[in-house]
1. Taking H placed 1.01 Å from N in the peptide plane, check which residues at least 5 places from Asn204 or on another chain put their amide H under 5 Å from its amide H.
2. Just to compare against my own numbers: the Cα pair-distance distribution for the stretch 45-109, 10 Å bins, whole % per bin, please.
3. Contact order normalised by length for the stretch 4-177, with contacts defined as Cα pairs under 8 Å and 6 or more residues apart; what percent is it?
4. For the stretch 8-96, go through all pairs of different Cα atoms, get the mean of 1/r, take its inverse, and jot down that Kirkwood value in Å.
5. Once every Cα of the stretch 4-177 carries one equal point scatterer and solvent is ignored, give the base-10 log of I(q)/I(0) from the Debye formula at q = 0.10 Å⁻¹, two decimals.
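Since every read-out is calculated from the coordinates, none of them should be taken as a lab result. Predicted, not measured: the structure shown is a model, and the values here were computed from it.
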Amino acid sequence: MIWSTAWEAYDVPRLWDAVRGESAPMGWEQVFGLQRRADLMGAHADGLRARRELLAEAWQGPSAGPMLGRWDALIATADAEASTLTLAARGLHGIMSALSGAKKRIEPLQRQWNDITSDWIPEYWEEVAAELNDDARTAMLVAAAEIRDHRSRLGVEPTPDGATSPPPALPGYRPASGALAGAPAPVPALAGQPVSMLPIPPGNPYAPQGGAYLLPGPGVGPHGMVVQMAGGPPPASTRRRSSWEIAVGVPPVIQPVTNAPGKPTAEAIAQFDDWFKTFATPWRAR
């Protein structure tokens, strides 16, 4: 059964994880390697044709016919392989270009996502995050349409891409669209599932040592919530777990803060970065 990815089940960090490794040099080397092989087979076919003409002029007689027939078969095989390789190279080039374009469009959105709590006041955190999510999902829709077009020209059957995306979908959302039998079920909104969240770097008055703002949604509720970093990164023995726990939290209502904390040290920022990566994206450690 075939279905398609439901991009609304993914936020900016998850979509960035899906494309951050694309447009790698090794991938482009494969594309260009296919094209070089296609050119080589085309050159072989042209060489065989030229020699076939010389052979036909020099060889007359009953036995020439079968031999020239075999020569024609070799030329046809070389032509067919050159055409197939050219089609594959063009299709893969188009797919790589589509993924590269999605990566180029989502990368600045990821940077903006990381700066929301520093550049905007809390009243706008959710609104700005929603706008960035819409832009990232649009980029993926465009890329997916281009990829489907190139794959159809290659004669490749679609695959259930909604079930194979590396980052997990948001809790409470079905990662694939449509109500077709066999489609992936919604990700359960259970305690420990990584919800959508914004980083709050150390030095922010709402989380002086650093923390995260859990965006509203399944698993969180209708209101966002600030979670303070619990004294630094978790022990190394727990970093590969797919679940996470909160040691210290605050009510979902953000109260005005009058005392701004001092500038964080480099060590505090490094501890926060490590904690947030483990807290927000535990699937990367799997």
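1. So Asn204 has HN proximity to Gly210.
2. The calculated distribution, bin by bin, is 19, 28, 17, 14, 11, 8, 3, 0.
3. 45 percent
4. Details: mean 1/r = 0.0621 Å⁻¹.
So the Kirkwood estimate lands at 16.1 Å.
5. Once normalised to I(0) and log-transformed, intensities are -0.56.
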